[in-house]
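Notes for the one structure printed next.
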Amino acid sequence: MSDLAPVRLLGVDFGRKNIGLAVMDLATGLPRPLKPLSASGTLNKDAVALVQAMKKNDAQGMVIGLPLDANGDTKMSRVVRQLADKCCELDVDVWLVDESLTSQEAEANLSRLGLTAAGIRARVDSEAACQILLRYTHGS
């Protein structure tokens, strides 16, 4: 792991079917959605795919959304923590951020753009990854 602060981060909205991705240069603070990945069904393969996406986009670290509920951890948050551990084993800096309501925020943003329901479904995961990056950089 690097002692240097990251300049570009990969945002990740992990799901059982799709993995939303976004990239953000910290200098501009503007996230950009990327094409989502299809989840493989195994955390090892998904971790490798995420590290490859990170490197392809010249990112120096990864921010993964952590699905929490009112009581804290959920079954899915435990899976996300395991995924983060797998990415760390691949020598990647990983930060977790509460992703509560990011998908709803993403849907609302896409709806305001006038997208159809199908268009929203196709883009919501990566738009949620943008929201995750914004939460990380704004410290909330």
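The values are calculated or read from the model by the stated rules, or taken from the named source; none is laboratory data. Predicted model, so just to flag it, every value in this text is computed and none were measured. Note: ideal-geometry Cβ built from the backbone for every residue, glycine included; neighbour counts use all protein chains shown.
Things to note:
- Positions within the stretch 85-116 being assigned to a helix (DSSP H, G or I) and either modelled with pLDDT of 90 or more or not small (Gly, Ala, Ser) (or both), in sequence order: 85, 86, 87, 88, 89, 102, 104, 105, 107, 109, 110, 112
- Options 61, 119, 65; residue that is of a type outside the set (A, V, I, L, M), out of contact with any Gly (no Cβ under 7 Å at 6 or more places or on another chain) and modelled with pLDDT under 85: 119
Every residue, every condition in (1) over 19 Å from residue 7 (Cβ atoms); (2) in contact with a Ser or Thr (Cβ under 9 Å, 6 or more places away or on another chain); (3) of a type outside the set (Asp, Glu), yes or no:
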site	(1), (2), (3)
50	no, no, yes
92	no, no, yes
125	yes, yes, no
132	no, yes, yes
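- Just one residue in the set 22, 59 is surrounded by 15 or more Cβ atoms within 10 Å (Cβ to Cβ), of a type in the set (A, V, I, L, M, F, W, C), assigned to a loop (DSSP other than H, G, I, E, B) and in contact with a strand residue (DSSP E or B) (Cβ under 6 Å, 6 or more places away or on another chain); that residue is 59.
- Which listed residue is polar (S, T, N, Q), crowded, with 22+ Cβ neighbours inside 10 Å and either out of contact with any His (no Cβ under 7 Å at 6 or more places or on another chain) or over 18 Å from residue 133 (Cα atoms) (or both), from 74, 102, 116: 102
- Index of the failed condition, residue 54 passing every other in (1) modelled with pLDDT of 90 or more; (2) part of a helix (DSSP H, G or I); (3) touching a helix residue (DSSP H, G or I) at 6+ places or on another chain (Cβ under 6 Å): (3)
- Residue among 90, 133 that alone is more than 16 Å from the chain's Cα centre (by Cα), closer than 18 Å to residue 57 by Cβ, surrounded by 14 or more Cβ atoms within 10 Å (Cβ to Cβ) and not polar (S, T, N, Q): 90
- As for the stretch 35-46, it holds at least one residue that is in a strand (DSSP E or B) and surrounded by 12 or more Cβ atoms within 10 Å (Cβ to Cβ).
- One residue alone among 46, 73, 58, 91 is in contact (Cβ under 8 Å) with a residue 60 or more places away in the chain and not aromatic (Phe, Trp, Tyr), and that residue is 91.
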